[in-house]
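The values are calculated or read from the model by the stated rules, or taken from the named source; none is laboratory data. Because the structure is a prediction, the values reported are computed rather than measured. Glycine also receives a Cβ, built like all others from the backbone with ideal geometry; neighbour counts cover every protein chain displayed. Heads up: the accessible areas ignore ligands, DNA and RNA and are worked out on the full protein's heavy atoms, side chains in. Shrake-Rupley method; radii C 1.70, N 1.55, O 1.52, S 1.80 Å.
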Amino acid sequence: MEIDRIGHTRMRFVDDEGGFTTPAIALAILLACSLIFISARGAIIGSRSGQIQYVADAGALAADNIVAEFVTIGQIVDAVLLSMSLLGLSVYAVSAVAAFIPGAQNAAAKIAQAGSKILQARDKFAETATKGLNTAQKALPAICAVRAFEVINANASASGIPYAGAAITSPIMGAEVSLADDSEVEEAAEEIESKHGDIQEKSVQAQDAQNRENDAKHRAWMADCGNAGMSMFERAGHLSDISAANNPHYSSADAWNFSIPLERAEAYYAARYYAEAGSGASGSPDTIAESVARKQFYAYARDEVSQGYVETTDTGAQIPHLVQLARNTEQIRSTSLYTDAIYPISSSNGTRTIHAYAGCPGYSSGSPSGYGSVSEVDSGLVHICEHCRFSATTLGRVPSASTSIDNGFEYYYLAVVEASKDYAQAVEDGEDAKRHLKESRESIGNSLHEALKALAAKRYDPQPPGRYGCICVVIAPNTQLKDTPFIDGSASIPARVAISGATLAADPADDEGNIISDIAQGLVPSENLGSGLLKLVFGAWGSMLKAYTDGTEGIKQGLDKLLGAIPIVGNTLSEQATQNFKNALSDAGLEPADLKSYKPVIVNTSRIIERDGGKAAQIIGHMKQAAAMYSAVSIGDIGALIEDIEAVPEIQELLDEHGLTIAEIPLSDLGVGNGSKKLYLPVPMDISSRLEELHSLLLSTAAE
Ligand SMILES: [Zn+2]
């Protein structure tokens, strides 16, 4: 049946098998019902003059339904553009996350390629949609007129009354469709791609620094207390009476830090200092001199070690600064041990001699001559005593053996100091790399933020012809009623006219978002995607379409889905990047789209005319007056009304058996199949000839 056929073609926006539920379907059913209702009434009611108003209503609704379809298609175009930009942007964000993983640079590049393909497909879709929507807008007055004409004809056939009519869109022109580019998304994508190499390099550096840091810490811990045999811990316990509290043990490096050996060494040298008899020692003068040297060395070591400290940077990293001790006579010469003028000097016959202590027999054999340092021996100012033989060499012997041989405390302390230098360098290198990575992360985060903000602002709001409404004019000539059951054969119905208007009314529908998502997803069929990276990527498209309806939440979910789908094993650096990018995207605050569905409703035509103010509106105004006064309209008015409804030849190249191509996704460009998947506005192939038919029938009926 005629109505069914028309109603059916209308349901299909995509050239797929299987229908999509759209508001337009519900309306088509409604129209079919109202038409049957009219013809049923026509058979039993004597006066059919009232019916013409129903026919005009049905025509106006049918015309306005085309406008509703255009608006729905516009919403789909907007959803596809936004969600593909979001998908491309998010895929690039994931590629950046991968770049933060040492060794994942190739994966990052491949992911970015997938992002690039998506953005290219988005651009192609936008390009075709700009052309398709503009062409459809030009053709919309003709399509609406023909659609109303078909409904009026169907009523004429059903009732036996030769109704003729047409609908006009108000206004007759649409606003030029100019779909925004996604230049900010492209910029963010470019920035991310250009930073891959640098991020990777710094990530490798950071990881290398971390490895060196761990290694140095382990070595230091081993020398301090980790070794099963000798260590600072073990030597301190063995060689001094250090308290257990001052000589702690750590069974692993985890809880250990560089303050431990620092404090241990301080306590050790203090203990050694107090325990060493020095000048009060007993024995031969050179034995006592050795005790004096040891006591001096311990005092020096305690003071030097306590100069060490552990610095905490503003990022919380710890950098040890431990002081290395002189390990032999040569090194003693550059310390205070060499220059401290604290040793007694005797004078005899003009010769000055230095002693380790005042009790030396050599000292008492001369006369006291003040104090001096061992450096004075080297400079020839004083002589070495033949009894105590005290000199820089005596001092140098203290650390010499214990530093070189692994049974000395100094041996292990030196190992800790050397490891601490490696550790400090590694921490500084790591901090440097991390600072660099943080800058990259923040810079990318800002670009993502800006791109999303721009996307949120660049939305397509359909402004087609007929956005104020559609007005349908139906005329019927004076009709003799013949061969009609129950009706007197001589009865006739006078010529009459009806004018009706329909406009789109918002109808908040719960599933409008799902309808749009379903139709959009049909554009990239999952069976085409195979099993590669692109399939994983498009797995998140649904979430991005959800972002169209849910705003920010949808993006977060999409990003999570992408991160979950793409097999990259993260580390701390990439987790930070993930968090950074997620925050950047959610802070940009994408608002959910206005997802009202629109359906035509009958309104008083004056509400449409007063918004329009164009030529057609003036004619309709004139017609309404004439119809009210004479129940007729002039053929001149009819002619003027429809003269601007013209066939639009340029739609021919976009028309096929499915309808008018509004936009296409180039599947072959995506590498997921051949050709393109198209989004259609249902339009009959023979629109031009239908329009001619409309013109001639309407004018001839008006002339009767
Ligand atoms: Zn002496």
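For the range 359-370, which residues satisfy the criterion of being more than 9 Å from the ligand (Cβ to nearest atom) and in contact with a strand residue (DSSP E or B) (Cβ under 6 Å, 6 or more places away or on another chain)? Correct list: GLY366, SER367, SER369, GLY370.
Just one of the listed residues (THR403, THR353) is within 16 Å of the ligand (Cβ to nearest atom) and either aliphatic (A, V, I, L, M) or under 19 Å from ALA293 (Cα atoms) (or both), and it is THR353. Would you check if there is a residue in the range 417-424 being of a type outside the set (Gly, Ala, Ser), within 16 Å of the ligand (Cβ to nearest atom) and open to solvent by 40 Å² or more (accessible area, probe 1.4 Å)? The answer is no; no qualifying residue exists. When residues in the range 426-459 are screened for being in contact with a strand residue (DSSP E or B) (Cβ under 9 Å, 6 or more places away or on another chain) and surrounded by fewer than 21 Cβ atoms within 10 Å (Cβ to Cβ), 2 of them pass. Looking only at the range 377-419, residues that are in a helix (DSSP H, G or I) and among the basic types (Lys, Arg) come to 1 in all. Of all residues in the range 128-145, exactly one satisfies the criterion of being surrounded by fewer than 24 Cβ atoms within 10 Å (Cβ to Cβ) and closer than 19 Å to GLN521 by Cα, namely THR128.
Of the residues SER440, SER348, SER447, which is at pLDDT below 95, more than 30 Å from SER306 (Cβ to Cβ) and within 16 Å of the ligand (Cβ to nearest atom)?
SER348
Consider GLU591 carefully, then state whether it is loosely packed, with under 15 Cβ neighbours inside 10 Å and either more than 30 Å from ALA93 (Cβ to Cβ) or touching a Pro at 6+ places or on another chain (Cβ under 9 Å) (or both). So GLU591 fails the test.
Residue selection: ILE608 satisfies the criterion of being surrounded by 14 or more Cβ atoms within 10 Å (Cβ to Cβ), of a type outside the set (Asp, Glu) and modelled with pLDDT of 80 or more. Residues of the range 671-704 that are surrounded by fewer than 14 Cβ atoms within 10 Å (Cβ to Cβ) and under 27 Å from ILE475 (Cβ atoms): ASP686, SER689, GLU692, SER696, SER700, ALA703, GLU704. Pairing each residue of the range 271-296 that is assigned to a helix (DSSP H, G or I) with any residue that is within 14 Å of the ligand (Cβ to nearest atom) and open to solvent by 40 Å² or more (accessible area, probe 1.4 Å), provided the two are 6+ apart or on different chains, yields C-beta distances under 7 Å for SER279/GLY359; PRO285/PRO361; PRO285/HIS387; ASP286/ARG389; ILE288/SER279; ALA289/ARG389; VAL292/SER279.
Taking the range 371-381 only, how many residues are within 13 Å of TYR338 (Cβ to Cβ) and within 16 Å of the ligand (Cβ to nearest atom)?
5
Counting the residues of the range 406-416 that are hydrophobic (A, V, I, L, M, F, W, C) and either open to solvent by 30 Å² or more (accessible area, probe 1.4 Å) or within 16 Å of the ligand (Cβ to nearest atom) (or both) gives 1.
Let me confirm something: among ALA702, ALA616, which residue is out of contact with any Cys (no Cβ under 6 Å at 6 or more places or on another chain), part of a helix (DSSP H, G or I) and farther than 23 Å from PRO464 by Cβ?
Sole residue among the options that is out of contact with any Cys (no Cβ under 6 Å at 6 or more places or on another chain), part of a helix (DSSP H, G or I) and farther than 23 Å from PRO464 by Cβ: ALA702.
The set of residues from the range 283-299 being near the ligand (Cβ under 10 Å from one of its atoms) and either charged (D, E, K, R) or under 11 Å from LEU337 (Cβ atoms) (or both) comprises just one member, ASP286.
For residues in the range 382-396 being surrounded by fewer than 18 Cβ atoms within 10 Å (Cβ to Cβ) and more than 9 Å from the ligand (Cβ to nearest atom), which is farthest from the chain's Cα centre (by Cα)? In this case the residue turns out to be HIS383.
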